[in-house]
Amino acid sequence: MSESIDAILSVASPVRTPLDFDRDGKQIGELHLPHSPHEDAWGVVPLPVAVLRNGNGPTALLVGGVHGDEYEGPIALAELVRRLDPTEIRGRLIVLPALNAPAVKVGQRTSPIDNLNLARAFPGDPAGTATQQIAHYVARALLPKADFVLDLHAGGSSLEIMTVALLRHHDDPDLEARSEAAMRSFGAPFALAGAPGDDRTLIAAALRQGKPAFAVELGCAGRVSPEALAAARAGLTAFLAHVGIVPGGSKPYTGPLWRVAGDDAFVYAPVDGVFEPFHALGQEVTAGQPAGCIHDLRQPAKPPTPVSFARSGLMFARRAYGLAAHGNCLAVIAEKSAA
Ligand code: ZN
């Protein structure tokens, strides 16, 4: 697999930008992804990017808008870019506040151009669809420049989720320890380790290149949470202090690492219908306990279908929509890690 990834990453990207990543100062501009649909033969998909640099020092790659319906990250990153003067930093910030800009434009998880999920597209494909080409550019051109990578998410339209930092497991203990220290520095109120991972995320791609990396989930349900936005603002500043790009300290998360222990930590809808949850986010639940029930609104004589938890723990995510289809994720349970 790594050989094929190396082969993919050796191919030049079609993405262009006039920004000079090695120049001191603040540059706010665009990446241009050539795109030639019916209504625009020679156009580009513009992707916002900012580079702040002040001499030698670490580089942090800060990303928001991988999903277009997750807003606290993009808002906080744009604020950071506007607020920071390059003389206030040491090293470099590369900020992609709305990476999947076509999805951000329409407020959707997936791109309206190719219906792909950018968090399932890494390491990308330079000859693929728009989303695959975006992933490839980041993996080929930007990850190699980064010393630390932070990917700001939220639950998106379909999920309510606690504000949580996510640490992906990596076999290299030193890389995992540096990722964990960076993740803790963000100060999110809750932390998941060995989080449910997919090899096609930005974080997975960053770790493959040996870059300490973590993600956070901020708000949820396709709206802006003032509390999560405050966590994003504070967390970004604390993380940048931790890596030495801005002065100051951080109040790291010192609590336990939680984990999603297996597929049965996910509660999936057994039938189509409307999900009535019985528990609030953050509530402790036990295996066998009813998680809720699914109503068939068109069959009033039919009793609702019960749904149970298969594991004990804390319910940290829950379906935001009432309407659910067989197989949709209704709830996710986290347990305290043994370690
Ligand atoms: Zn997301």
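Observations, loosely collected:
- Cβ charges +1 (Lys, Arg) and -1 (Asp, Glu), total dipole of the range 250-339, debye: 220
- The chain: calculated mean residue ellipticity at 222 nm from DSSP helix runs of at least 4, using -39500 (n - 2.57): -6000 deg cm²/dmol
- Listed by chain and number, the aspartates and glutamates whose C-alpha is less than 18 Å from the C-alpha of K211, apart from same-chain residues fewer than 8 away, are D6, D147, D151, D171, D172, D174, E176, E180, D198, D199.
- Taking Cα centre as origin and charging only the Cβ of basic (Lys, Arg, +1) and acidic (Asp, Glu, -1) residues, the dipole magnitude of the range 41-196 rounds to 420 debye.
- Under the combined filter of DSSP loop state and at most 14 neighbouring Cβ atoms within 10 Å, the range 278-339 retains these trypsin sites (Lys or Arg not before Pro): R298.
- Taking the range 60-129 and dividing mean pair separation by its residue count, relative contact order in percent (alpha carbons under 8 Å, at least six apart): 39
- In the elastic network of the chain, a GNM with C-alpha springs shorter than 10 Å, the most mobile of A310, A193, A287 is A287.
- Think of the chain as having a plus end and a minus end, set by charges on the Cβ of Lys, Arg, Asp and Glu; of V81, L297, G273, V81 sits farthest toward the positive end of this dipole.
- Mean sequence separation of contacting Cα pairs (under 8 Å, at least six apart), scaled by the length of the chain, corresponds to a relative contact order of 15 percent.
- Share antiparallel - DSSP beta bridges, the range 1-95, percent rounded to 5: 80
- For the peptides 265-274, 101-110, residues were scored by their other Cβ atoms within 10 Å and the scores averaged per peptide; the highest-first order is 101-110, 265-274.
- Size of charge dipole - the chain - debye, nearest 20, with Cβ of Lys, Arg +1 and Asp, Glu -1, no other charges: 520
- Between P252, P18, P46, the residue with the greatest mean-square fluctuation in the GNM of the chain (Cα pairs under 10 Å linked by springs) is P18.
- Taking 4 °C and 1.567 mPa s as conditions, the range 1-122 diffuses translationally at an estimated 82 µm²/s according to Stokes-Einstein applied to its Kirkwood radius (Cα pairs).
- Our coupling estimate for the range 260-265, obtained by passing each phi through the Karplus curve with A = 6.51, B = -1.76, C = 1.60 and θ = phi - 60°, is 9, 7, x, 4, 6, 6 Hz, Gly and Pro reported as x.
- When only alpha carbons of the chain are considered, Rg and Dmax amount to 20.5, 71 Å.
- When DSSP beta bridges are restricted to pairs lying wholly in the chain, around 70% turn out antiparallel.
- Across G128, G235, G222, mean-square fluctuation computed from a Gaussian network of the chain (C-alpha pairs under 10 Å connected) peaks at G128.
Each value in this text was obtained by applying a stated rule to the coordinates, not by laboratory testing. All figures in this text were calculated on a predicted structure; none of them were measured in a lab. When we count neighbours, we look across all protein chains shown, and the Cβ atoms used for this are built from the backbone with ideal geometry, even at glycine.
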